[in-house]
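The values are calculated or read from the model by the stated rules, or taken from the named source; none is laboratory data. Computed from a prediction, not measured in an experiment: that's the story for all the values here. Methodologically, a virtual Cβ is constructed for each residue, glycine included, from the backbone with ideal geometry; neighbour enumeration extends over all protein chains shown.
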Amino acid sequence: MERNLSKLMPVMEANTGTLLQPSYQDKQKEDKGFTGAKNLAEREVAYEEAMKCIYEYEQTPLGGFKKKTLGVIFKKELLEDWIKHIDTISTYDAMDIRFGIYTQEFINDTPEPDDHNLDKITVFLFPMFEGKPATIGKPKQDQKVNPFNMGEVYP
């Protein structure tokens, strides 16, 4: 599906033009939630991978960012589907939005590595329960719910 975002975000027209968005069915693999993304598109990512990107962001001094990021766009359908998915596996009462920087390790772990987003700032959406990361199953268990990430980073 082809989508031109210039009407939504005029700043993008000069920088990126038309962006391609694969369908949700292309991203989802049976019993794997959103980890089957075929490219850098919205998906659930491993908790540990996200934390490494967040650490990279936190360790970068102010003014030390290598690339500029103005925003991140998440497709409504995928975000809603992910929220419905975590509703079935966890109890949460808030969403923590954390900044991170895409590292080479993170990019290499994607199904089709693409260095376009390397060193760009992104956001991760973490379900929270009572001020702590939400867990799979009953609250306060060990396995944390994976965050949502991999939207369209622009420019």
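Condition check ((1) crowded, with 17+ Cβ neighbours inside 10 Å; (2) farther than 17 Å from LYS66 by Cα; (3) of a type outside the set (Gly, Ala, Ser)) across all residues:
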position: THR88; (1), (2), (3): no, yes, yes
position: ASP93; (1), (2), (3): no, yes, yes
position: LEU125; (1), (2), (3): yes, yes, yes
position: ALA134; (1), (2), (3): yes, yes, no
position: GLN141; (1), (2), (3): no, yes, yes
position: LYS144; (1), (2), (3): yes, yes, yes
- Task: Mind counting the residues in the stretch 108-134 that are in contact (Cβ under 8 Å) with a residue 40 or more places away in the chain and in a helix (DSSP H, G or I)?
- Result: 2
- Query: Going by the structure shown, is GLY137 more than 17 Å from TYR154 (Cβ to Cβ), small (Gly, Ala, Ser) and in contact (Cβ under 8 Å) with a residue 12 or more places away in the chain?
  - Reply: yes
- Out of the residues in the stretch 71-94 that are at pLDDT 90 or above and assigned to a loop (DSSP other than H, G, I, E, B), which is farthest from ILE121 (Cα to Cα)? THR91
